Amino acid sequence: MISGDELTRYGRQIVYPGFGKVGQENLRASRVLVVGVGGLGCTASVHLAYAGVGHITIVDKDSVELSNLNRQILYWESDIGRKKPISAADKLRMINSSVRITPVCKKITEASVDKLVEEADVVIDGLDNYDTRFVVNAACVRKRIPFIHAGVNGFLGQITTIVPGKTPCLACIYSAPPAPEKPILVFGVTLALMASLQVMEAIKLIAGFGETLGGRMLYFNGETMEFAYEDLVKNPRCSVCGIGRRNLKESCK
Ligand SMILES: [Zn+2]
């Protein structure tokens with residue numbers, strides 16, 4: 001039961017129609033995996049902690065650099081050189097000491113991804129490259145865990161929610177990982193916006209209200225302040241979630 005300090009702390013969101021104490025209990029009982037604690041992952045994990053998600057796992061292989069400090073809001077000048085998940089965990093525990101934070105300082109690979117994903121209720125995409133996004137997408141499909149994808153380029157952003165078994169997956173949308181953009185252009189404000197939208201999606205999925213972006217890509221253009229939607233189509237021959245996967249399995253026998 002939600003009571004005492006929790007009622008006070010989360011009172012302004014508990015009164016939201018359709019959320020209530022049950023929604024807050026669901027958040028407290030949930031575990032969210034944030035893959036990549038850069039610009040998207042920092043803002044997303046801050047709002048997950050503020051909202052009262054019970055357990056947040058943050059994964060990143062990198063250490064803090066000066067060039068991160070225009071956008072990665074959990075890192076300060078004194079953190080340069082520290083491992084990102086360790087530094088982020090310190091701040092998140094100061095934000096909300098009742099939230100359990102598990103920092104994981106390693107690269108996400110085919111070998112490590114399943115264990116991380118299967119322990120989560122929702123996975124948030126904080127990555128900056130499509131090769132690793134494809135690895136996480138495939139694991140989420142295998143383990144049937146929702147994956148909230150977002151990507152940012154300058155003042156442009158995109159977001160969709162992948163619910164395995166129900167919506168198109170990332171490999172339905174892109175037949176192969178798009179090539180990386182060099183250099184990656186990033187403004188902190190675009191990342192903060194898209195990461196906030198990712199946490200909105202996570203809260204709705206966990207608490208069970210509202211409509212998600214399942215089956216739709218939301219695009220944002222910060223130069224013109226336009227939002228646009230695209231309906232996404234499941235690829236029946238998708239190599240990750242469709243018949244392509246079964247063919248591949250059968251041909252491997
Ligand atoms: Zn697919």
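The values are calculated or read from the model by the stated rules, or taken from the named source; none is laboratory data. Owing to the predicted nature of the structure, the values given are computational and were not obtained by experimental measurement. Every residue, glycine among them, receives a Cβ derived from its backbone with ideal geometry; neighbour counts consider all protein chains shown. These accessible areas exclude ligands, DNA and RNA; they are computed on the full protein's heavy atoms, side chains included. Shrake-Rupley method; radii C 1.70, N 1.55, O 1.52, S 1.80 Å.
Expressed as a rounded percentage, what relative contact order does the stretch 146-251 have, with Cα pairs under 8 Å and six or more residues apart?
On the way: 161 pairs, mean separation 35.0, N = 106.
Computed over the stretch 146-251, the figure is 33 percent.
Sum up the charges of everything whose Cβ sits under 13 Å from the Cβ of N68, counting Lys and Arg as +1 and Asp and Glu as -1, but leave N68 out.
Details: positive: R71, R82, K83, K84; negative: D60, D62, E65, E77, D79, D128.
That works out to -2.
Can you give the local net charge around V186? Use residues other than it whose beta-carbon is closer than 11 angstrom to its beta-carbon, Lys and Arg +1, Asp and Glu -1.
On the way: positive: R71; negative: D128, E181.
Every neighbour counted, the sum reads -1.
Using a 1.4 Å probe on the protein heavy atoms, what percent of the accessible area of the chain belongs to carbon and sulfur?
Working: 6900 of 12550 Å².
Ligands and nucleic acids excluded, carbon and sulfur give 55 percent.
Using protein chains only and a probe of 1.4 angstrom, how many square angstrom of F227 are accessible, to the nearest 10?
110
So if I take the centroid of the Cα atoms in the stretch 1-76 and the same for the stretch 117-141, what is the distance between those two points in Å?
The two parts, judged by their Cα centres, are 18 Å apart.
Using helices alone, what [θ] at 222 nm do you get for the chain, with -39,500 (n - 2.57) per DSSP H run of 4 or more residues, divided over all residues and rounded to the nearest 500?
Dividing the helical sum by the residues of the chain leaves -11500 deg cm²/dmol.
Can you tally the lysine pairs in the stretch 1-92 where the Cα-Cα distance is under 26 Å and the two residues are eight or more apart, or on different chains?
The result is 4.
Within the stretch 115-227, what is the number of lysine pairs with alpha carbons under 23 Å apart, leaving out pairs fewer than eight places apart on the same chain?
Details: K115/K143; K115/K166; K143/K166; K143/K204; K166/K204.
Within the stretch 115-227, the lysine pair count is 5.
So, counting K/R as plus one and D/E as minus one, what does the shell of residues with Cβ under 13 Å around Y219 add up to?
On the way: positive: R216; negative: E223, E226, E230, D231.
Computed value for this residue: -3.
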